Amino acid sequence: MSKRPSEALRLLEAYTQAHGTSGHEDAVRAIFVRELRGRTLQADGLGGVLASPSKEKKGPRVVLTAHMDEIGFLVQSVTLDGFLRLTPVGGWPDGVLAAQRLRIWSRAAQKEFIGVVAALPPHQGGAQAASADKVLVDIGARSAESVARLGIRPGDPVVPEGPFTALAEPGLYSAKAFDNRVGMTALTLATHELDASATPCDLLAVATVQEEVGCRGAVVAARLAKPDVVIVLEGPPADDLPGLAPHGEMQGALGGGVQVRAYDPTAIMNPRLVDLTLEVAAAKGIPCQLAVRRTGGTDARSFQVHELGVPVIVLGVPARYIHTHNAVIDLADLQACVDLSVALVRRLDAKTVKSLTQYL
């Protein structure tokens, strides 16, 4: 426990600053593989990674999982005068891109370039690069030929420039890609802690790909992991901005603890697993927030329908301003997420897991 804050900060910075648009998660995967090198590693055909215990364990197969990818772009084309056109990968809200910096990864040159999204000053009509599919990116090239010489070509991945930054009060941090690098950090920390002592189950740590484009990677990862129970770790949107939720009705406030999701439009969580999770949190004194979401979705949608159906729960670290260049989290919520993940896994013995789906 005493080492966790510094470890958490190290991992958060490493994971958030890695380049990882959906389908291009190589840099994030490299960190996960390095951090879980004491386990047996397997990769699926899309690039997801299953980290199994080094020695085979008995008991139910409990999957602790997070997705590696972030929203971003691909270079779609290059104008004659050297500007890049992009196609969005994942859900970008309009109005957040004008004049922002982006990081373009040249796969041919194995080099990163910084670009600026074009925006007009008020003297010329104001910012007009509101829609993600209409932006122009200025990398400082004067022609399409210059862009080609740099090694940038259509299909190259692009992510926001959002440095990991400590904010005014202790424990609050800003960065790009907390959705879902905060989940990847929780996955790594929880797995390390659980590996330090015996568990009543076979704990499988799974890092998935392509969640932001329809939870595709989880479909394949589930076939590799063959789970009996799945705990999805996420960076869901916080709802604690003034006027966003009525007083007393917030379900994802920074500093309120780990969010326990019972429902979203893509997945109805196993009610018995929800109750067990809340019971464990109460018994351990772990702050948590129960959430019933009207929008959004996670890899739970894919894992829950694997084979004959799998009990799934989503534990989240609320993050303000996700799907922008700068999200904000409270480190205490990450610690609560790790604590609850660890405590819940330690409760998932064979009898408990069987009871989750004992309908007859």
Restricting to segment 301-330, give me the number of residues that are closer than 25 Å to Trp92 by Cβ, under 15 Å from the mean Cα position of the chain (by Cα) and not charged (D, E, K, R). 14
Are any residues in segment 200-228 surrounded by fewer than 19 Cβ atoms within 10 Å (Cβ to Cβ) and in a loop (DSSP other than H, G, I, E, B), and if so, which ones? Gly214, Lys226
Can you name the number of the only condition in (1) buried (at least 19 other Cβ atoms within 10 Å of the Cβ); (2) outside any loop (DSSP other than H, G, I, E, B) that Ala27 fails? (1)
Being buried (at least 17 other Cβ atoms within 10 Å of the Cβ), assigned to a strand (DSSP E or B) and of a type outside the set (Gly, Ala, Ser), is that true of even one residue in segment 45-54? yes
Among Val75, Val63, the single one that is in contact with a Leu (Cβ under 6 Å, 6 or more places away or on another chain), over 30 Å from Ala119 (Cα atoms) and among the β-branched types (Val, Ile, Thr) is Val63
Being out of contact with any helix residue (DSSP H, G or I) (no Cβ under 7 Å at 6 or more places or on another chain) and in the same structural domain as Arg346 (by TED's automatic domain parsing), is that true of even one residue in segment 142-153? no
Within segment 30-44, restricting attention to residues that are among the hydrophobic types (A, V, I, L, M, F, W, C) and not in a loop (DSSP other than H, G, I, E, B), which residue is farthest from Val158 (Cα to Cα)? Leu41
Show me the strands (runs of 3 or more DSSP E) entirely contained within segment 262-360 in which 3 or more residues are in contact with a helix residue (DSSP H, G or I) (Cβ under 6 Å, 6 or more places away or on another chain). 312-316
Given the criteria free of Cβ contacts under 8 Å to residues at least 24 places away in the same chain and assigned to a helix (DSSP H, G or I), does Arg181 qualify? no
Only one of Val137, Val206 is touching a Leu at 6+ places or on another chain (Cβ under 7 Å), in contact (Cβ under 8 Å) with a residue 40 or more places away in the chain and closer than 20 Å to Asp69 by Cβ; which? Val206
How many residues, within segment 119-160, are within 20 Å of Gly95 (Cβ to Cβ), modelled with pLDDT of 95 or more and surrounded by fewer than 17 Cβ atoms within 10 Å (Cβ to Cβ)? 1
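Thr298 - would you say it is within 22 Å of Val328 (Cβ to Cβ) and within 19 Å of the chain's Cα centre (by Cα)?
Answer is yes for this residue.
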Quick one: what pairs do we get from segment 339-360, first residue in contact (Cβ under 8 Å) with a residue 60 or more places away in the chain, second among the small types (Gly, Ala, Ser) and not in a loop (DSSP other than H, G, I, E, B), C-beta under 6 Å, 6+ apart or different chains? Leu340/Ala281; Ser341/Ala190; Val342/Ala190
Of all the residues that make up segment 55-74, how many are of a type outside the set (A, V, I, L, M, F, W, C), buried (at least 23 other Cβ atoms within 10 Å of the Cβ) and not in a loop (DSSP other than H, G, I, E, B)? 4
All positions within segment 255-281 that are over 19 Å from Lys351 (Cα atoms) and among the hydroxyl-bearing types (Ser, Thr, Tyr): Tyr263, Thr266
Conditions (1) assigned to a helix (DSSP H, G or I); (2) aliphatic (A, V, I, L, M); (3) buried (at least 24 other Cβ atoms within 10 Å of the Cβ) -> Ile231 fails only (1)
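Kindly evaluate Ala186 against the criterion of being farther than 16 Å from Tyr321 by Cβ, touching a residue at least 60 places away in the same chain (Cβ under 8 Å) and more than 17 Å from the chain's Cα centre (by Cα).
Values: farther than 16 Å from Tyr321 by Cβ: yes; touching a residue at least 60 places away in the same chain (Cβ under 8 Å): yes; more than 17 Å from the chain's Cα centre (by Cα): no.
No: the conditions fail for Ala186.
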When every residue in segment 1-22 that is surrounded by fewer than 20 Cβ atoms within 10 Å (Cβ to Cβ) and either in a loop (DSSP other than H, G, I, E, B) or of a type in the set (Ser, Thr, Tyr) (or both) is compared, the one modelled with the highest pLDDT is His19
Go through (1) more than 13 Å from the chain's Cα centre (by Cα); (2) within 14 Å of Pro53 (Cβ to Cβ) one by one and return the number of the condition Val230 breaks. (2)
Out of everything in segment 32-44 that is more than 15 Å from Leu194 (Cα to Cα) and in contact (Cβ under 8 Å) with a residue 60 or more places away in the chain, what residue ends up being surrounded by the most Cβ atoms within 10 Å (Cβ to Cβ)? Phe32
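The values are calculated or read from the model by the stated rules, or taken from the named source; none is laboratory data. As the structure is a computational prediction, the values presented were derived from the model and not from experiment. Here Cβ is always computed from backbone atoms with ideal geometry, including for glycine, and neighbour counts include all displayed protein chains.
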